[in-house]
Every structure is written in structure tokens, then in C-alpha cells.
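Data first, discussion second: the structure below is written as C-alpha cells.
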Amino acid sequence: MTEDVEMKELPAPSNSTTTTSPSTLNHLKEIASLIETGAYAREVRRIVRAVRLTMALRRKLKAQVLSAFLNFALTPGSEPHNRLVSYLPKEDVHEMECDTASSVSQTPMKHPLPELEIYCYLLVLIYLIDQKKYNEAKACSSASVARLKNVNRRTVDVLASRLYFYYSLSYELTGDLAEIRGNLLALHRIATLRHDELGQETLLNLLLRNYLHYNLYDQAEKLRSKAPRFEAHSNQQFCRYLFYLGKIRTIQLEYTDAKESLLQAARKAPVAALGFRVQCNKWAIIVRLLLGEIPERTVFMQKGMENALKPYFELTNAVRIGDLELFKSVAEKFSTIFSSDRTHNLIVRLRHNVIRTGLRNISISYSRISLADVAKKLRLDSANPVADAESIVAKAIRDGAIDATLDHANGWMVSKETGDIYSTNEPQIAFNSRIAFCLNMHNEAVRALRFPPNSHKEKESAEKRRERQQQEQELAKHIAEEDDDEF
């Protein structure tokens, strides 16, 4: 088996362009060699490693370095070369220093592989997005997607999934996300026909993001329910899928499923993805409040999330107390933040939960209380607060939120005595749910285990080899003994 191409350690950052450019270019050439080895050996893991190493060099990409790498990886004067060079700033490309050009070999590859061509598209696209040249990024991403439609190789799938992501990102940054929805659907169909599962899950997430960006939750759910099912290949894509699924379930009032999806997405997300984990926690907090749960204080004290979750902490405090006035003031105070997070409509739903929480506290505190006092404590500001309080109490009793009865003749709410919860099946149900969660986590951990390819075959062949050597030694010894006997 071909050995991996070893990457040298990245040098310390330097202020000199003449020392930084050749070093970055050398690393890009080593990555290109790794991609070439993976393409010939048909090993996708080498392409994955090349993409990971490229992300480490992302901040060091310059126009001069990219121009020199394009001259190395692609044939100068070819259509892909001319197209990609046209996206780079002309003044930066022509100012390529002579020392850089002479210190690094510029021998181009005679017959570039499709993987290298797609990789060049990816490098230029990442550079354009980082430089905020979004119009050029849109043109480059569109050209790369058109080229991908004519390439059907499993070693290209990893690079293609990255290009799909930046293709959607470039259009989202310019506010033209709706323009590519049809093209994303066509790409998803192509990936399905080619059995490109990594491309399928990437494009499915991009389509869900596209629909949710315009609040098209019904279309997103129809696509998600009819999309092909397969095992997740990328943890990042699986986390995104769980987050979008949680948002869809929340809008559809399926809070239990939404809570599970959002919490699972937050747990599985990488530590470096702080912004993503913050969004997951924001939605999970709202969903738990809608379910009648109060999140623990440790949720709001997670490292790096204190300031981002502060509005939701104050909102949770208002819901926990059951104070309708405090809830209204918090909602008005952070209305811009809630609108930007797209959770404002969900917070409007919480008003009923605040009233029910306050009513539950009243039912625990008083064995009998008049409906007028209930309306006063709940701070109902309607035209007929007593009638509203009566309807609210009746609905809470029907839903099982409080254990009480209504005395319509006297206008009272009479609370029943609280029983022993351990005499019911609730502790057993809670214990069973925790056991099911632990078993599910164990099964997912077992499925996520990775083993070296053909390890069982290598072990069997090694054992057979030792047996064969032992038999050969015994046979040679037996022959030697027979020869001795003859003499």
C-alpha cells in the first residue's frame, strides 16, 4: 500500500512576503501530491486529509501564491487555468516577486487530474470569499458546479461537497439564495443517481437551509421526509441536519422531538463551532420552556456563551417566576436580538406558558382563591379579567397543568391536595427514558468506531503465514534427519 505523503511543519508566521509565499506554495504542492496519490490509489481518506490541511493554510492564501500554484497544477493557457486566473486581482498577480518564482520549481503537471482541477476551484473560491469579493465568488462557484456535473469519481466527492457549501454561501452572502434552489435540487438528484452519499447529505442540508431562510417550513419538511435515507458520513453535516430538523419540529409544535434533535446537535457539534452551538442552545432553551421545563443555570454559564445567552436567561427567569409583566418587559428589551435569531414568534407562544406557570404557583400556594384574585396576581390586562381567568383556569385543569376544581357559583378555584408522586408510574417512566438515552448513546458510539481497512484479513493472513513457516521448519528438520540417517 502506498505510504501517506508526510506534511512538513508549518513555519512560524513572518512579516516578509518573500519568505511566506514560497513556504505556503510548498505546502500547497505537497497537498497536491497527496491528492494525486489518493486519486491514483482511489483512497478517499487522503483527499479528506488534503482538505483538512488546506483549511489550516486558509489564512495564508494570497493572490501571488494562488497564481503560482495554478501555473504548477494546471496547464498554462488552458481553459480552467485562464478562467481561474481571471478571478484573481490582476495587480496582485503581476506583482509576483522574482525571488519567489525562482526559489520554487514551476514545472507544471502535463496531464492534471480532475481532482486537482476541482481543488484549484476550491482554493480560489475560498480566497475570494475571505477577501469579500462575493460577485467573483458567485461566478467562480457557478463555474465549479458546472464542471462538477461532468465528473463522476468517488475521490472527487469530498472536494465537491466543500464546493457545494461555498457555492451556497457565496449566494447567501449576496442575498440571492433563492436563485440557486433549482440548481441545488438538480445537484441533489445527480448525487443520488451517482450514489454520492456525502454530496447528498451536504446538498440536503443546503436545501433545508435555503427553505428555512425564507420560512418555507412546509417545503423543507416535504423534502426532508422524501429524501433518501443513509448513514451519516460527516459529523458536521449530521449536526446541521439535526439543527434544521429541530427548527422544523419546533414550528410544527412537535416540541419533544425538537428538543431531542437540538440537544443532540449541540452535543455532537465540534468545540470550535461556538456560533453553531450557541444557536442550538438558544432554540433548545425556547423549546424546553415551551415544554414547561426550566433549563438549568449551567446551560447559560457555558464557556464563551454567557453574553450570547443572557437575553434567554432573563427570559427563562421571567417564565420560571410566572410574572407576565416581567416577561413583556424582557421581550421588548431584547426584541431586536430575538428577531435576528428568528425566535420572536416562538417567544410570543411563551406567554401562555408564563400564565400557566403563575397559575401553578398560585394553586400550590392557596387551597382556595377567588378568580378575581387570580386575575390580579396573573396581571391580566383584558376588558373582563375575571372571565379570562376562569377560562384560563378551566383550560389548565383540562390539560392537567394543575390539580384543582372550579366553583362557578362562588367564583373560586379550589386546589386539591398533592399526592405522593412515588406512588405513580412517573419515576419509572423517567428512569426508563434515561436508560434508553444511555443505550442509544452506546449504540451510536459503537457505530462510530473505525477500524483499519481489511484488518481481519491481514490478521488471518499473518496467522496462516506463521503456521506455514512452522510447517516448513518442521518439514526441513524432518528432511535433514532423513539425510543424516542415509549417511
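The values are calculated or read from the model by the stated rules, or taken from the named source; none is laboratory data. None of these values were measured; they are calculated from a predicted model. For neighbour counting, all protein chains shown are included, and Cβ atoms are generated from backbone atoms with ideal geometry for every residue, glycine included. Ligands, DNA and RNA are excluded from the accessible area calculation, which covers all protein heavy atoms including side chains. Shrake-Rupley method; radii C 1.70, N 1.55, O 1.52, S 1.80 Å.
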Quiz item: What number, in percent, do you get for the relative contact order of the range 269-340 if the mean sequence gap of Cα pairs under 8 Å and at least 6 apart is divided by its residue count?
Solution: 23 percent
Self-check item: Accessible area of Phe276 in the full protein assembly, 1.4 Å probe (Å², nearest 10)
Solution: 50 Å²
Practice problem: Quick one: pull the percent of accessible area on the range 271-365 belonging to carbon and sulfur, 1.4 Å probe, ligands and nucleic acids left out. | Solution: 54 percent
Quiz prompt | Partners for Lys395 among lysines (Cα-Cα distance below 19 Å; same-chain residues under 8 apart left out) | solution = Lys376, Lys377, Lys416
Quiz prompt | Under-5 Å amide H pairs with Ala404, H placed in peptide plane, nonlocal only | solution = Lys416
Practice problem: Using only Cα atoms, locate the centre of the range 293-341 and the centre of the range 235-292, then give the distance between them in Å, rounded to an integer. | Solution: 17 Å
Quiz item: How much length, in nm to one decimal, is gained on full extension between Lys333 and His442, taken as 0.36 nm per residue of separation minus their Cα-Cα distance?
Solution: 34.9 nm
Quiz item: To the nearest 10 Å², what's Tyr217's accessible area with a 1.4 Å probe?
Solution: 30 Å²
Practice problem: Compute the FRET efficiency between Arg342 and Gln469 as 1/(1 + (r/R0)^6), taking r as their Cβ-Cβ distance and R0 = 56 Å, and round to the nearest 0.05. | Solution: 0.25
Exercise. Run down the lysines and flag those whose C-alpha is under 22 Å from the C-alpha of Lys477, throwing out any fewer than 8 positions away in its chain.
Key: Lys464
Quiz item: Taking the mean number of other Cβ atoms within 10 Å as a proxy for protection, how do you rank 467-475, 192-200 from highest to lowest?
Solution: 192-200, 467-475
Quiz item: So if we plug the beta-carbon distance of Ala272 and Thr75 into 1/(1 + (r/R0)^6) with R0 = 45 Å, what FRET efficiency do we get, rounded to 0.05?
Solution: 0.75
Exercise. Excluding residues fewer than 8 places away in the same chain, name every one of the lysines whose C-alpha is closer than 27 Å to that of Lys226.
Key: Lys149, Lys247, Lys259, Lys268
Practice problem: Pull out a ≥ b ≥ c, the square roots of the eigenvalues of the alpha-carbon gyration tensor of the range 302-441, then state rounded if a/c is under 1.5, prolate if not and a/b is larger than b/c, and oblate in the remaining case. | Solution: oblate
Quiz prompt | Solvent exposure, largest accessible area first (probe 1.4 Å, DNA, RNA and ligands not counted), of Ile435, Ile126, Ile190 | solution = Ile435, Ile190, Ile126
Quiz item: Ordering Glu426, Glu115 by how much accessible area each has at a 1.4 Å probe, largest first, what is the list?
Solution: Glu426, Glu115
Quiz item: How big is the accessible area of Glu390 in square angstrom, nearest 10, if you roll a 1.4 angstrom probe over the protein chains?
Solution: 60 Å²
Quiz prompt | Sites Glu325 and Arg42, calculated FRET efficiency, Cβ-Cβ separation with R0 60 Å, nearest 0.05 | solution = 0.35
Quiz prompt | Residue-by-residue Karplus 3J(HN,Hα) for the range 213-229, coefficients 6.51, -1.76, 1.60, Hz, glycine and proline x | solution = 4, 9, 6, 8, 6, 5, 5, 5, 5, 4, 5, 5, 6, 9, 6, x, 9
Quiz item: Relative to the present Cα-Cα distance, how much length would full extension add between Met55 and Ala387 at 0.36 nm per residue of separation?
Solution: 113.2 nm
Quiz item: ³J(HN,Hα) across the range 254-271 via Karplus (A = 6.51, B = -1.76, C = 1.60, θ = phi - 60°), whole Hz, x for Gly/Pro?
Solution: 8, 5, 5, 5, 5, 4, 4, 5, 5, 5, 5, 5, 5, 6, 7, 5, x, 5
Quiz prompt | Segment Ala409-Gln302, length gained on full extension (0.36 nm per residue, minus Cα span) | solution = 33.3 nm
